[in-house]
Amino acid sequence: MFYTNTKSPEETARIGMMLGSFLTAGDIVCLQGELGAGKTCFAQGVARGMGIEDPVTSPTFNLVNEYHGKLTLYHLDVYRLNGPGDLDDLGYEDIFYGDGVTLIEWAERVREALPAERLEILINRGTQDEFREIRMLPRGDRYRLVVEGLMSVVCSGS
């Protein structure tokens, strides 16, 4: 497991950007955290790390936003879904198993539909909102390697 604290939205986005540079086609990143925890800020960093220059916004009302860079980023916000069955209407299998990276906010709401191998990220607000605690739990060898690579970059101060 990877664990770090950030003290600003810029630092949160920076961790996301570093992660984005390690992601490849077929990767699935699951974000969890309460409202205002920094999930979208983190997602914006992931997009920048993937070479995406378009502004990234939360897809709360669209459910899926698609961005193009070195790879396609499928950014899902499943907060408004009633459960994993609602994913069928989105064509989620084409997204999850396609040629891009899938980033899912509120992933815990559709846990049963998620592939066993994925990267789970929990973002919590600290007391009095002064920092964010970011925990990454790799599920599978691929994601363990991603987290190890990210840890080496973060620890080296790059």
Worksheet item: How would you order 135-142, 39-46, 16-23 from highest to lowest mean count of nearby Cβ atoms within 10 Å?
Response: 39-46, 16-23, 135-142
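In the chain, what percentage of the DSSP-assigned beta bridges are antiparallel, given to the nearest 5?
60 percent
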Response to the item:
Burial-style ranking of 92-103, 108-119, average other-beta-carbon count within 10 Å with highest first, yields 92-103, 108-119
Discussion item. Give the average over all directions of the projected area of the C-alpha convex hull of the stretch 1-121, one decimal, in nm².
Written reply: 6.9 nm²
Practice prompt. List every residue whose amide H lies under 5 Å from the amide H of Thr72, counting only residues 5 or more places away in sequence or on a different chain, with H placed 1.01 Å from N in the peptide plane.
Written response: Val101
Fill in: Local net charge near Gly149, Cβ-Cβ under 15 Å (Lys/Arg +1, Asp/Glu -1)
-1
Practice prompt. Enumerate the residues in the stretch 1-42 having an amide nitrogen under 17 Å from the point lying 7 Å beyond the Cα of Arg144 toward its Cβ.
Written response: 1-3
Item to complete: For every helix of n ≥ 4 consecutive DSSP H residues, a contribution of -39,500 (n - 2.57) applies; sum these over the chain, divide by its total residues, and give [θ] at 222 nm rounded to the nearest 500 deg cm²/dmol.
Response: -8500 deg cm²/dmol
Worksheet item: If you stretched the chain out fully between Asp86 and Glu130, how much longer would it get, using 0.36 nm times the residue separation minus the C-alpha to C-alpha distance?
Response: 12.3 nm
Worksheet item: Taking R0 as 25 Å, what's the FRET efficiency between Glu10 and Glu34 from their Cβ-Cβ distance, rounded to 0.05?
Response: 0.75
Fill in: Pairwise label distance in nanometres, Asp54 with His68, each label 7 Å out on the Cα-Cβ vector
0.8 nm
Worksheet, complete the sentence: If unit charges are put on Cβ atoms (+1 for Lys and Arg, -1 for Asp and Glu) and the dipole of the stretch 16-158 is taken about its Cα centre, the option from Gly26, Val154, Ala113 lying farthest towards the positive end turns out to be Val154
Discussion item. If I build a Gaussian network model for the chain, linking alpha-carbon pairs within less than 10 angstrom, which residue out of Asp27, Asp89, Asp54 has the largest mean-square fluctuation?
Written reply: Asp89
Worksheet entry | J(HN,Hα) series, the stretch 70-77, from Karplus relation 6.51 cos²θ - 1.76 cosθ + 1.60, nearest Hz, glycine and proline x | 4, 10, 7, 10, 9, 9, 9, 10
Discussion item. Whole angstrom only: what separates the Cα centroid of the stretch 53-88 from the Cα centroid of the stretch 92-149?
Written reply: 14 Å
Discussion item. Taking θ = phi - 60°, what integer Hz values does the Karplus form 6.51 cos²θ - 1.76 cosθ + 1.60 yield along the stretch 101-106, in sequence order, with x for Gly and Pro?
Written reply: 9, 10, 10, 10, 7, 6
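Here, each number is a calculation from the coordinates, and none is a lab measurement. As the structure is a prediction and not an experimental result, all values here were calculated from the model. Neighbour counts run over all protein chains shown; Cβ positions are idealised from the backbone, glycine included.
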